[in-house]
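Student: Just dropping this structure here.
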Amino acid sequence: MATFSDTGWLLLITLIKIAVVVLVMLTSIAYLTWLERKVVAHIQSRWGPYLVGYSGLMQPLADGLKFILKEDIVPLEVDTIVYWLAPFLALTLAFLSIAVIPFGESFTIHGRTIFFQITDLNVGLLFVFAVTSLGVYSVALAGWSSNSKYPLLGGLRSSAQMISYELSLGLAVVGVLMMAGTLSLRGIVDSQSGFWHIAGVNTFLPHWNIFVQPVGFLVYFTAAVADTNRVPFDLPEGESELVGGYHTEYSSMKFAMFFMSEYANMITVSCLATILFFGGWHGPVFGPYVLRVLLPVFWFCFKLFCFLFFYIWMRGTLPRFRYDQLMAFGWKFLLPLGLLNVLATSFVVARISSP
Amino acid sequence: MVPLSHVLALSVTLFVIGAAGFVFRKNIITVFMCIELMLNAVNLAFIGFSRYLGNLDGQLFAFFVIVVAAAEAAVGLAIIIALYRNRESLNIEDLDSMKL
Amino acid sequence: MTVGARHGVPVRIETNLVPLFYIFGALAVVAALSVVAQRMPVHSALSLIVVLCSLAVVYLLLGAEFVAVIQVIVYAGAIMVLFVFVIMLLNAGRETPSHRSRMAHWLGAPLVAAFLLEVLFAIWRQFPAGASHAAAAVDAGPAAIGHLLFRNYVLPFEVTSILILVAILGAVVLAKKEF
């Protein structure tokens, strides 16, 4: 072990981090489905799953088993390569964007500092957007390769919706970037430490970007909900309009992959919302060293959970947009609002930082 | 470090493959995609030279090439759609009404 | 080569990442051949996306991290989406065989190979492998590119924005159904 080089340690630690993150993500996705079914059920005055395990907690396991054992029906005349590629692409991209998300501070073992992040790129935020824009392909190709009209229409509608709202998503974070001065996600969280001081007086409000970028946050969250195809923007999956949308012709494990990728995307944009607007892992920290290391991770997961609960709450409460209303809202309201936000923020930042 | 000649060799290989596709293929969308391949090969050459001369201007030019390629792709595909509406064919051999 | 960064400060690791260039370069060449050789345009488009992403990795290896990510976001994530949409909407199927001369078809590939070898030879003469050592690594982060873009190149930047506006108008007018 004495001759194990720096590169070797870096590789080993990164592999362990990847294994931990993938395991935690898979478990979170599985239990997010349980949470969604329970919360939507209680909103609708019914119980949700309660038979399998205490309060239905083993339901995701049962669902997973069902998906694996189900018959895999492949329609005739599908474009085989593209048909099999689409769900794998969706799942891979959904997991790829987690690689740059920081979950907490760092801890030191044997003089080696380990960060709670797989890798910190100095263009980390752009990397997440790059992976999101590649995610459009999985939807469009799934719809096209199914060789059937409802999936084709659903796939085209869904991918058009995704690329329209990606623009507003990118614009909404420009205000945050102007204030943080860096594209690295860890750097953006670090710029939100401490408290807001107005004219030298400590206001005891945390230095989170939500207090100075409320419009940016609203634009970001709306665009994120639309980008992940969730209610109220989930027309491409609406059963009464398009049967199942782009995943109509998929069965068993491939359908489960689309399902998992939708929840993974939800988790990713909620992580980003926490990091960009709510201070990431900043929160009250006290106690011995172990607690100081784990409390930031706990605060991050708590804020993440609040966002996911809000997503599920919206699903149980709101009706869905019609498609032309959806596209008009994205292009004619959200995009100009994002641009105005960038304009206003740049004026204020230039005024404050001018000598 | 990667020698400059290797970067340029990759760039030239991609460019020649793109040029060959541009000349030999018959579907107009595939021809357009070979044009994009050639543009990317040129971008690689720009980035390679930027690295070896320590100058950021090459990267900036590659950035402009990407932006202009986006504008060109939008207009080119709109032209292809208009052509398809008139000719019902995506074969460039059917676009010969100006031939003698 | 800088691997990883703690918000903008490069961390230097003594790893040899040069083999990655050859791996992704070979992947780019194979995918480019696939773009040219596939019969269905959708498969060509997918192969072109593979070329774009492997070129993005090569740009990263050459120190151009901002251009690499922009390549994926704009080129692979927007322009190619446009291509894929048009292919799906026009229902482009298999290519019909050509009714031109077969001899041109069979003479073509060797001529292309000969041209490629000729240009590679010219490059090898101009830049012998041993004699090229790179200049010092320049910080190519978004801040540096932004400085250059908005100071030295602000005129091309503004002209490009007008160009994009004209392209949008042109595309809408050309693709409209009724006049």
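The values are calculated or read from the model by the stated rules, or taken from the named source; none is laboratory data. What you see is a predicted model; the values in this text were computed from it and never measured. Note that we place each Cβ from the backbone using ideal geometry, even for glycine, and neighbour counts take in every protein chain shown.
Student: Would you point out which residue out of C:Ala129, C:Ala114, C:Ala134, C:Ala140 is modelled with pLDDT of 85 or more and under 28 Å from B:Leu8 (Cα atoms)?
Tutor: C:Ala114
Student: If C:Leu46 meets every condition in (1) crowded, with 21+ Cβ neighbours inside 10 Å; (2) touching a helix residue (DSSP H, G or I) at 6+ places or on another chain (Cβ under 6 Å); (3) more than 20 Å from C:Asp139 (Cα to Cα); (4) within 9 Å of chain A (Cβ to nearest Cβ) apart from one, which number is that one?
Tutor: So C:Leu46 meets the others, but not (2).
Student: What's the total number of residues in the range A:141-183 that are surrounded by fewer than 24 Cβ atoms within 10 Å (Cβ to Cβ) and of a type in the set (Gly, Ala, Ser)?
Tutor: The qualifying residues number 6.
Student: Then there's this: Does the range A:29-47 contain at least one residue that is on the phi > 0 side of the Ramachandran plot and either at pLDDT below 90 or touching a strand residue (DSSP E or B) at 6+ places or on another chain (Cβ under 6 Å) (or both)?
Tutor: Checked against the condition, which is being on the phi > 0 side of the Ramachandran plot and either at pLDDT below 90 or touching a strand residue (DSSP E or B) at 6+ places or on another chain (Cβ under 6 Å) (or both), the range A:29-47 yields no hits at all.
Student: Evaluate the following for A:Val39: is it surrounded by 14 or more Cβ atoms within 10 Å (Cβ to Cβ), part of a loop (DSSP other than H, G, I, E, B) and in contact with a helix residue (DSSP H, G or I) (Cβ under 8 Å, 6 or more places away or on another chain)?
Tutor: Answer is no for this residue.
Student: Could you list, in sequence order, the residues of the range C:142-179 that are facing chain B (nearest Cβ under 7 Å), farther than 30 Å from B:Ile80 by Cβ and part of a helix (DSSP H, G or I)?
Tutor: Scanning the range C:142-179 gives C:Ala144, C:Ile145, C:Leu148, C:Leu149.
Student: Can I ask one more? When you scan the range B:82-93, do you find a residue that is surrounded by fewer than 22 Cβ atoms within 10 Å (Cβ to Cβ), more than 7 Å from chain C (Cβ to nearest Cβ) and under 14 Å from the mean Cα position of the chain (by Cα), even just one?
Tutor: Scanning the range B:82-93 turns up no residue that is surrounded by fewer than 22 Cβ atoms within 10 Å (Cβ to Cβ), more than 7 Å from chain C (Cβ to nearest Cβ) and under 14 Å from the mean Cα position of the chain (by Cα).
Student: I'm trying to understand the selection: among the residues of the range B:8-50, which are more than 7 Å from chain C (Cβ to nearest Cβ) and β-branched (Val, Ile, Thr)?
Tutor: B:Val23, B:Ile28, B:Val31, B:Ile35, B:Val42
Student: Among the listed residues C:Leu20, C:Leu60, C:Leu107, identify the single one that is over 30 Å from C:Ile168 (Cβ atoms), within 11 Å of chain A (Cβ to nearest Cβ) and either among the hydrophobic types (A, V, I, L, M, F, W, C) or part of a helix (DSSP H, G or I) (or both).
Tutor: C:Leu60
Residues are listed down the side, and each one gets a yes or a no for (1) modelled with pLDDT of 90 or more; (2) part of a helix (DSSP H, G or I); (3) closer than 21 Å to C:Ile79 by Cα:
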{"position": "A:Tyr83", "(1), (2), (3)": "no, yes, no"}
{"position": "A:Ala90", "(1), (2), (3)": "yes, yes, yes"}
{"position": "A:Leu126", "(1), (2), (3)": "yes, yes, yes"}
{"position": "A:Leu134", "(1), (2), (3)": "yes, yes, yes"}
{"position": "A:Ser138", "(1), (2), (3)": "yes, yes, yes"}
{"position": "A:Asn147", "(1), (2), (3)": "no, no, no"}
{"position": "A:Gly155", "(1), (2), (3)": "no, yes, yes"}
{"position": "A:Leu171", "(1), (2), (3)": "yes, yes, yes"}
{"position": "A:Leu177", "(1), (2), (3)": "yes, yes, no"}
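Student: Residues in the range A:105-114: is at least one more than 11 Å from chain C (Cβ to nearest Cβ), out of contact with any Lys or Arg (no Cβ under 8 Å at 6 or more places or on another chain) and buried (at least 24 other Cβ atoms within 10 Å of the Cβ)?
Tutor: Checked the range A:105-114: no residue is more than 11 Å from chain C (Cβ to nearest Cβ), out of contact with any Lys or Arg (no Cβ under 8 Å at 6 or more places or on another chain) and buried (at least 24 other Cβ atoms within 10 Å of the Cβ).
Student: Considering (1) more than 10 Å from chain C (Cβ to nearest Cβ); (2) among the hydroxyl-bearing types (Ser, Thr, Tyr); (3) in contact with a Ser or Thr (Cβ under 8 Å, 6 or more places away or on another chain), say which one A:Thr182 fails and leave the rest.
Tutor: Here A:Thr182 meets the rest and fails (1).
Student: Provide a single number: the residues in the range A:298-350 that are among the basic types (Lys, Arg) and in contact with a Ser or Thr (Cβ under 7 Å, 6 or more places away or on another chain).
Tutor: Number satisfying all stated conditions: 1.
Student: State which residue pairs qualify: first residue within 9 Å of chain B (Cβ to nearest Cβ) and within 10 Å of B:Val16 (Cβ to Cβ) and inside the range C:111-127, second residue assigned to a helix (DSSP H, G or I) and at pLDDT 90 or above in any location, beta carbons under 6 Å apart, and separation of 6 or more residues or different chains.
Tutor: C:Val112/B:Ala20; C:Leu116/B:Val16; C:Val119/B:Val12; C:Leu120/B:Ala9
Student: Looking at (1) at the interface with another protein chain (Cβ under 7 Å from one of its Cβ atoms); (2) under 22 Å from A:Gly143 (Cβ atoms); (3) part of a helix (DSSP H, G or I), which is the one condition that is false for C:Ala92?
Tutor: Of the numbered conditions (1) at the interface with another protein chain (Cβ under 7 Å from one of its Cβ atoms); (2) under 22 Å from A:Gly143 (Cβ atoms); (3) part of a helix (DSSP H, G or I), the odd one out for C:Ala92 is (3).
Student: Check the range A:174-196 and report whether any residue there is charged (D, E, K, R) and within 20 Å of A:Ala86 (Cβ to Cβ).
Tutor: The answer is no; no qualifying residue exists.
Student: Has the range A:6-24 got any residue that is surrounded by fewer than 16 Cβ atoms within 10 Å (Cβ to Cβ), of a type outside the set (Asp, Glu), closer than 30 Å to A:Met314 by Cβ and modelled with pLDDT under 90?
Tutor: The answer is no, given that none of the residues of the range A:6-24 is surrounded by fewer than 16 Cβ atoms within 10 Å (Cβ to Cβ), of a type outside the set (Asp, Glu), closer than 30 Å to A:Met314 by Cβ and modelled with pLDDT under 90.
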